[in-house]
1. Scan region B:275-320 for residues that are farther than 18 Å from residue B:333 by Cβ and assigned to a loop (DSSP other than H, G, I, E, B) and jot them down.
2. Taking residue A:270 as meeting all but one of (1) surrounded by fewer than 21 Cβ atoms within 10 Å (Cβ to Cβ); (2) farther than 23 Å from residue A:67 by Cβ; (3) in the same structural domain as residue A:66 (by TED's automatic domain parsing), write down the number of the exception.
3. From the list B:153, B:143, B:185, which one is over 30 Å from residue A:79 (Cβ atoms), more than 14 Å from the chain's Cα centre (by Cα), in the same structural domain as residue B:112 (by TED's automatic domain parsing) and crowded, with 24+ Cβ neighbours inside 10 Å?
4. Checking residue B:281 against (1) outside the structural domain of residue B:100 (by TED's automatic domain parsing); (2) within 23 Å of the chain's Cα centre (by Cα): exactly one of these is not met. Which one?
5. Only residues that are more than 9 Å from chain B (Cβ to nearest Cβ), without any contact (Cβ under 8 Å) to a residue 40 or more places away in the chain and within 22 Å of residue B:338 (Cβ to Cβ): list them for region A:30-46, please.
6. Go through region B:21-134 and tell me which helices (runs of 4 or more DSSP H), entirely inside it, have 1 or more residues that are more than 21 Å from the chain's Cα centre (by Cα), more than 30 Å from residue A:19 (Cβ to Cβ) and assigned by TED's automatic domain parsing to the domain that holds residue B:213.
7. Name the residues in region A:1-13 that are facing chain B (nearest Cβ under 7 Å), within 15 Å of residue A:341 (Cα to Cα) and either among the hydroxyl-bearing types (Ser, Thr, Tyr) or crowded, with 24+ Cβ neighbours inside 10 Å (or both), would you?
8. Output the number of the condition that residue A:325 fails; it satisfies all remaining conditions of (1) touching a helix residue (DSSP H, G or I) at 6+ places or on another chain (Cβ under 9 Å); (2) part of a loop (DSSP other than H, G, I, E, B); (3) of a type outside the set (Ser, Thr, Tyr); (4) over 18 Å from residue A:194 (Cβ atoms).
Number of protein chains: 2
Amino acid sequence: MKRKINFNAGPATLPEPVLQELAKATLQYGKTGTSVLELQHRGSAFGEILEECNALVHELCGIGPEYEVIWLHGGGRLQFCMIPMNFLPEGKVAAYIDSGQWAHEAMQYAAYYGDTKIVASSRESGYAHLPQWPARLPAKAAYLHLTTNNTIYGTQWHDIPACSKPLIADMSSDILSRRHDHSRYAMFYAAAQKNLGVPGVALAVVHKDMLRKAARPLPPMLSYKAQAAERSVVNTANVPGIYTALLMLRWTKQRGIAAIEKENTAKAELLYGQLDKSRIFVPRVSEKAHRSQMNVCFTTNDMAHEQPFLDMCARHNIIGIKGHRYTGGFRVSMYNAVSLADVAALVDVMREFEDLSPSPLLRRGR
Amino acid sequence: MKRKINFNAGPATLPEPVLQELAKATLQYGKTGTSVLELQHRGSAFGEILEECNALVHELCGIGPEYEVIWLHGGGRLQFCMIPMNFLPEGKVAAYIDSGQWAHEAMQYAAYYGDTKIVASSRESGYAHLPQWPARLPAKAAYLHLTTNNTIYGTQWHDIPACSKPLIADMSSDILSRRHDHSRYAMFYAAAQKNLGVPGVALAVVHKDMLRKAARPLPPMLSYKAQAAERSVVNTANVPGIYTALLMLRWTKQRGIAAIEKENTAKAELLYGQLDKSRIFVPRVSEKAHRSQMNVCFTTNDMAHEQPFLDMCARHNIIGIKGHRYTGGFRVSMYNAVSLADVAALVDVMREFEDLSPSPLLRRGR
């Protein structure tokens, strides 16, 4: 069966060379006589995998030794728990920018562990644009939490204003997608199933200053400090998931962040360009400066178009463009492993669909 | 490179047919046109994987619909956290049987969330035998926690006495290794990297009565009740890890639990038999009724034998027999994927090693 052009939001499509390498390592890892799935988490082969992962994160994010790179189990939601557990002490408040569903849930999770405050929100307008950056933060704010890209609604922070408090960013859906000044963050993190591989792994990069703070006593499994001290092996690490992350990091380095950014920009220009001139498709985010390069969300001017368009895409080998259950419509996720050619194929189908659809005047005349 | 005979304690060796199926699915899953790593966690293909996993756990453990099968991220240690979070309310005490390092750590983790009590322990004697089963439990005990098999020390509970409180068992290293009455447990759980596949996944089987209790408000990610209600997809599930568990469950069913138990018994008899008649190797656990069929731990009567024996094993393609860093010596883990022939190969090397070693009398004469 021919490989699909896959625009799913996550678990996302992976580069074919990564899948091939992984299939090979599943049968045998190097000359170990064992599968990569059987590598010992405290053994030298996996130690080298971890070290290379850590070095590549430092290099690709342009950060220095003042940051600890930690590989954790679970996805973004376990981080939603661990962030307030670790960094929200009694007497302080956690500030959240409410720019989408995940940003909102991150705040809801934190509320189990202490005081929270939404300092900016676009919830009332259905997250169709980014909220205004907060003019000031509570004096007692322990940190400000930001979701850099909002997958469900297709918005993304391109310019991030200054912040007077430790800034913690969920980059699950746009990490390594662009040149970015990561040194501005006290912590950034990402679930792996978009630009970093497969679900079951999360990357957390934490400034060492943050690790000196301890909001409450925590078992080592849930403590960033303990996880950093144990070099991500407090317990049996997700060996195959972290190896997949290594393959993704190598693939990312081979292409280079600047080249990836360039292609991501070209992909976004092509698709938004088509949406902006379409007489059928309607982009969700009208404010161009707020548009995500990772997830492009749109609807049609007539619900009756939806199923025929999905069907036409399927006939052209294209999957994964249904919008999130919260929004309906369409969402095209264009993470790093989606090529410009993939997006061009979709745009061709959109054009064909428009050409075949009767013009609004003709339809009105029926 | 020839596949090694691998006695590692976990991540453990996996059956070759499982690895082959997984490698194939890494390139393409069925006729989906995508890799299994790219399946959507809320899509129908993964839904079928989860349902089959759940049905197989019910069938292989012989439990009814009164149990919820939940697939979680992380390993045993995240369960060490979640068990007291969910089941240890204020005013109650969590009772722990301290039969080894993991049993002890489970208790230490629980102490972050409430009162704990060790009701039986063999720590003082280096966990070389099982502790006496507690004659009674505290009236305020919310549950009794038991580790059914102690990997580091090579002890295993074969007969589990009656228990007046909800019994929660960590079966990480012996699940599905024997016929066993699982209906005695309020909950049992296992990290997957031994008899269930790869690290990064944990199986928790919880009696529905337990889910009606809620020790404290918890974010859905850390709540068994929410995880059960959301059918293990509160967040993006570990799709490849759970698919690997399905392959292991199918392989287990194909062999049958009774046949697996029979082979595990034969493996243990062969290896302990050799140890009991050896003049060089010394089994750690002298009490035969306490011996583990999963992890056989032993030392030598002279430390000088250790490296030469390891080297001889390596020459015979055998790996993974070094003891845990806490105990030293040797540990041979014989999970379900280790065959009787694998153990026979090791026993042959042990015999050869003994034959080549000078007898104690001769050595004394040097």
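1. B:277, B:278, B:279, B:280, B:286, B:287, B:301, B:302
2. (3)
3. Going through B:153, B:143, B:185 in turn, just one is over 30 Å from residue A:79 (Cβ atoms), more than 14 Å from the chain's Cα centre (by Cα), in the same structural domain as residue B:112 (by TED's automatic domain parsing) and crowded, with 24+ Cβ neighbours inside 10 Å: B:185.
4. That leaves (2) as the condition not met.
5. Scanning region A:30-46 gives a single hit, A:45.
6. Those helices (runs of 4 or more DSSP H) span B:76-87.
7. Result: A:6, A:13.
8. The number of the failed condition is (1).
The values are calculated or read from the model by the stated rules, or taken from the named source; none is laboratory data. A quick note: this is a predicted structure, and the numbers were derived from the prediction, not measured. Here Cβ is always computed from backbone atoms with ideal geometry, including for glycine, and neighbour counts include all displayed protein chains.
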